[in-house]
Amino acid sequence: MSTEPVSQHDPLALAGLMQLVSPALPIGAFAWSQGLESALELGWVEDEASLGEWLAGVLDDGLTRCELPVLARAHRAWAEGDADALAHWNDWLQANRETRELLEEEQRLGGTLVRLLRSLDQVPETPALPETPGYVVVFALAARVRGVSRQDAMLGFAWAWLENQLTVACKALPLGQTSAQRLVERLRPALVTAVSEALALEDDELGPALPGLALASALHETQYSRLFRS
């Protein structure tokens, strides 16, 4: 008989999380770079080392203080049927999208994911979806419907962000897959740390501090040649 410990994760929930963070999920996330394409064009990011610094900074000062704690609060609000909290955090997050492109990304991915969930009969009647639901709040719903724990949902969201950013870099930089995997190995522990730190934040401690990303995203709106929508 095997002496290996039995996993405490629900296999069906784990499979649901894998589906949710898969690049094959048909919501169009591949079309958005979240300002990274502009950072590449401007020369702020030009190789593996500078890309790693950029991603670590966005993770520390962005996801850890914005998307991840909001995801945690939205996950709890879906569980408790708290429509007011869902509307509040949905509005709060969209108010913190500092450029047209970043706001458009949040709203378009959210709307596309809602349509997908409805086609799968996975949008509950109550609590009601917020008006113009954003991606983070809808991601929390999808995780909740699949029985994915709050912490696992946050880690999955962070993983999907990292994978998307590395895909962008591989398309727009002379960055090979081996370099991308080295960055995954470097940043995997940081993803776990980000989730833990995000869970510890109080409401008044939330808020991204990413002036460089906001500037890159704003400049991207008039960038002459581009592959991505943000």
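The values are calculated or read from the model by the stated rules, or taken from the named source; none is laboratory data. Keep in mind the model is a prediction, meaning the values are calculated, not measured. Using ideal geometry, Cβ is built from the backbone for each residue, glycine included, and neighbour counts are taken over all protein chains shown. Note: accessible area is taken over every heavy atom of the protein model, side chains too, but ligands, DNA and RNA are not part of it. Shrake-Rupley method; radii C 1.70, N 1.55, O 1.52, S 1.80 Å.
Points worth noting:
- Criterion: β-branched (Val, Ile, Thr) and modelled with pLDDT of 95 or more - qualifying residue of Val168, Val137, Val123, Val114: Val137
- Enumeration of residues in the stretch 170-221 that are more than 22 Å from Glu98 (Cα to Cα), open to solvent by less than 60 Å² (accessible area, probe 1.4 Å) and in a helix (DSSP H, G or I): Cys170, Ala172, Ser179, Ala180, Leu183, Val184, Leu187, Ala190, Leu191, Val195
- Residues that are over 24 Å from Glu37 (Cα atoms), over 13 Å from the mean Cα position of the chain (by Cα) and crowded, with 19+ Cβ neighbours inside 10 Å do occur in the stretch 77-84, at least one of them.
- Residue among Val45, Val70, Val21 that alone is β-branched (Val, Ile, Thr), in contact with a Phe, Trp or Tyr (Cβ under 8 Å, 6 or more places away or on another chain) and more than 25 Å from Asp152 (Cα to Cα): Val45
- Picking from residues in the stretch 117-166 that are small (Gly, Ala, Ser) and under 19 Å from Leu86 (Cα atoms), the one that is surrounded by the fewest Cβ atoms within 10 Å (Cβ to Cβ) is Ala128.
- Selected residue (criterion: most open to solvent (accessible area, probe 1.4 Å)) from residues of the stretch 24-53 that are of a type in the set (Gly, Ala, Ser) and in a loop (DSSP other than H, G, I, E, B): Ala24
- Residue list for the stretch 93-116, filter: touching a residue at least 60 places away in the same chain (Cβ under 8 Å) and either assigned to a helix (DSSP H, G or I) or open to solvent by less than 40 Å² (accessible area, probe 1.4 Å) (or both): Thr99, Arg100, Glu101, Leu102, Glu104, Glu105, Arg108, Leu109, Thr112, Leu113, Leu116
- Annotation note: Cβ proximity below 7 Å between a residue of the stretch 141-166 that is at negative phi and a residue that is charged (D, E, K, R) (sequence gap 6+ or interchain) occurs for Arg150/Arg76; Phe157/Glu67.
- Count - residues of the stretch 117-145 that are part of a helix (DSSP H, G or I) and among the charged types (D, E, K, R): 2
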